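Coordinate-derived values only; no laboratory data. Small disclaimer: the values here were computed from a predicted structure and weren't measured. Note that each Cβ is placed from the backbone with ideal geometry, even for glycine, and that neighbours are counted across all protein chains shown.
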């Protein structure tokens, strides 16, 4: 995976790629300097930062710092290319402790309460299982053989959990040698938070950041809310939603990273720690939240929970705005999310909209 590199050009010269699914409602005129779109290639995907009203010098300094930050996180967090994390995982497998950079310790510390709230459905300790299913790759669909049933049974008996990991100063250890850390279900949320903080420090007030399709917003788009499209797991765009300052929209689904089951069905890359198999039931999940880390982890947890566990896990994780489209083209949605949505098509409602509060922010769990 190459290190982060930046490309830049005026927004009017750039066609938006449909894969990023970000739709901008442009105002009649732009504030201040010409809008710009910066592209960083990191974490195996493109991160796009759209800047509005930013002076060129400020924009250049902010993007340079963000590029350096993401390159550093790449070298610390990568789950299968040589990194600080692969070194730590090797130590765990050998029953040893390991020195860890501050960013990895922070990921462990922040993941623990999110894993507890999700009943373990979000769990960064299952990197070994993700590897065994062939999902430590950038090439899809996965073609390698699936794990044997007896191997998965042994894994369930010795199931690793993020709670097995202990922090002592700048060192990590695990009481379970099966623990292999993989922060793919939360890394983009932390990166989004980092990017917004950096932009604010450089005095940039309006930006839209797309991390491989997940989006965090800063300020607005020329006096109007940023409008972001939601991908339809059955093709095209399901609808759109407006994002306010500081809000994040994170999604996951079975449409990009997947492998075929023995029957030919699509198995997505999100694994169910309870069974050891790919999660089934959901085709796509979307979470809107003011905290991108919560949004990222919750999208994974809800996908694993499936339709039967959607309401329970949404309540436990303090979510107000979430939706799920099932493999049968049914939709579960919270009332606050429904009020924000502009659907382009109507999946079959799976019950009434769930009243989990009037807004998308955190609430008591």
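Give me D for the chain in µm² s⁻¹, whole number, from Stokes-Einstein with Rh from the Kirkwood sum over alpha-carbon pairs, 37 °C and 0.692 mPa s. For these conditions, the coefficient is 156 µm²/s.
Restricting things to Cα coordinates, could you compute the convex hull volume per residue of region 153-297 in Å³?
Spread over its residues, the Cα hull of region 153-297 gives 129 Å³ apiece.
Take every Cα pair under 8 Å whose residues are at least 6 apart in sequence, average their separation, divide by the length of region 80-183, and the relative contact order is 42 percent.
DSSP finds beta bridges in the chain, and of those with both partners inside it, around 90 percent are antiparallel. Sorted on the mean count of surrounding Cβ atoms within 10 Å across their residues, most packed first, peptides 156-168, 187-199 read 187-199, 156-168.
The mean sequence distance of close C-alpha pairs (under 8 Å, at least 6 residues apart), as a share of the length of the chain, puts its relative contact order at 16 percent.
Peptides 295-304, 34-43, 320-329 ranked from most to least packed by the mean count of surrounding Cβ atoms within 10 Å: 295-304, 320-329, 34-43. When 238, 319 are sorted by how many other C-beta atoms sit within 10 angstrom of their C-beta, beginning with the fewest, the order is 238, 319.
Sorting the segments 208-221, 56-69 by their mean number of nearby beta carbons within 10 angstrom, highest to lowest, gives 208-221, 56-69. Distance between the pseudo-spin-label points of residue 359 and residue 308 (7 Å out from Cα toward the beta carbon): 3.6 nm. Taking the centroid of alpha carbons for each part, region 333-358 and region 50-73 are 36 Å apart. Where only DSSP H runs of four or more residues are counted, the chain gives -9500 deg cm²/dmol as its mean residue ellipticity at 222 nm, each run worth -39500 (n - 2.57).
Dividing the mean sequence gap of close Cα pairs (under 8 Å, 6+ apart) by how many residues region 104-161 holds gives a relative contact order of 31 percent. With q set to 0.13, 0.23 Å⁻¹, the log10 of I(q)/I(0) for region 80-183, from the Debye formula over equal scatterers at the Cα positions, is -0.47, -1.31.
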